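Data first, discussion second: the structure below is written as structure tokens.
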Amino acid sequence: MAAGETAIEIRRLTRLSEYEHVVRLQREIWGYDDTDLLPLRFMVVATHVGGQVFGAFDGERMIAFLAAIPGIKPGPRPYLHSHMMGVQPEYRDRGIGRTLKLRQREDALDRAIPLVEWTFDPLELKNAYFNIERLGAIMRLYAENQYGITGSPLHGGLPTDRCYAEWWIGSPRVGGILARAPRQEPATERVAYPTDMARLRVEESARARDIQRRNAEKFQDAFGRGLAVTGFERGPSESSYLLRPWE
């Protein structure tokens, strides 16, 4: 931390006034219309039924948040669905998102919850790298237009296709990745995107939509054959999701 910087504090949120700040952050980060906002009452319910609502604070100012709800997989097996996480633009690239996720993991492990799952836009390549290479999540499910067309300018009017990140928080794989241990996971297939995808979705939306559509088919085909995304490779002109067979 540089001289003069204030330490970022992660707190569990429990008060209505804190949830109001989460609503404000959604507007500031994504430019959401009221119909797209995660409402205050959702966070009240999440807190009372075993979910998580955490905030990151710079002094008394909330600058990031994370919200999750509990779920049950067949078996039955409990898990947490991490529905939304956002960091104000001027605080990005400072490790705040990772700190929030580690706090989420710590809380889930304390409650013997083995899995945290969330969706993310596969066109957001920076998020993909973070989820897969920094946290150790894998991907085995792709959903087309999961949330419908939103009013956020960041989505560029494209369908809200989403990948599901599975974060098996107590696994040796995740433990090794969080400890930055070397790993050998040879890929058998890859799904590639132009590295400037963020620009394309704003300036060349028709081309971005074509890439989105073609790669959706590739992901769904690969997942149907038992492959999973276990790595992400960044390049100057092209970045790739790396797939291999998954037990």
**Report entry** Candidates P182, P122, P114, ranked by Gaussian network fluctuation over the chain, Cα under 10 Å, top entry
**Finding:** P182
Query - Inter-label distance, nm, simple model (7 Å from Cα along the C-beta direction), R234/L102 - result: 1.9
Query raised in the report: Under a plain spin-label model, where a point goes 7 Å from the Cα along Cα-to-Cβ, how far apart in nm are E247 and Y91?
Result: 4.0
Query - Residue order, fewest to most surrounding Cβ atoms within 10 angstrom, among I72, I177 - result: I72, I177
Requested in this report: Just subtract the alpha-carbon distance of E217 and A181 from 0.36 nm times their residue separation and send over the number in nm, one decimal.
Outcome: 9.7 nm
**Report entry** Calculated from backbone phi, Karplus (6.51, -1.76, 1.60) coupling profile of the range 86-102 in Hz, x at Gly/Pro
**Finding:** x, 10, 4, x, 6, 10, 6, 6, 10, x, 6, x, 5, 5, 4, 5, 5
Query raised in the report: Once fully extended, how much extra length lies between R173 and E20, figured as 0.36 nm per residue of separation less the alpha-carbon to alpha-carbon distance?
Result: 51.4 nm
**Report entry** Computed E for R134/A206 - FRET, C-beta separation, R0 35 angstrom, nearest 0.05
**Finding:** 0.65
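Which of the trypsin sites (Lys or Arg not before Pro) across the range 1-108 are loop residues per DSSP, with 11 or fewer other Cβ within 10 Å?
Working: sites: R11, R12, R15, R24, R27, R41, R61, R92, R94, R98, K101, R103, R105; in loops: R15, R92, R94.
Here the trypsin sites (Lys or Arg not before Pro) that fit, given the DSSP loop and packing criteria, are R15.
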Report summary line: Interchain or sequence-distant (5+) residues whose placed amide H lies within less than 5 Å of the amide H of D161 are N145, Q146
Query raised in the report: With the Cα gyration tensor of the range 8-184 giving a ≥ b ≥ c as the square roots of its eigenvalues, does the rule (a/c under 1.5 for rounded; else a/b larger than b/c for prolate; else oblate) give rounded, prolate or oblate?
Result: rounded
**Report entry** Residue-span extension gain [V44 to Q146] - 0.36 nm each, minus C-alpha spacing
**Finding:** 34.3 nm
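Could you list the trypsin sites (Lys or Arg not before Pro) in the range 177-247 that lie in coil according to DSSP, counting only those with at most 16 other Cβ atoms within 10 Å of their Cβ?
R180, R183, R225, R234
Quick note: the coordinates plus some simple rules give every number you see, no bench work behind them. Remember, predicted model here, so these are calculated numbers, not experimental data. So basically every Cβ, Gly included, is an ideal-geometry build from the backbone, and we count neighbours across all protein chains shown.
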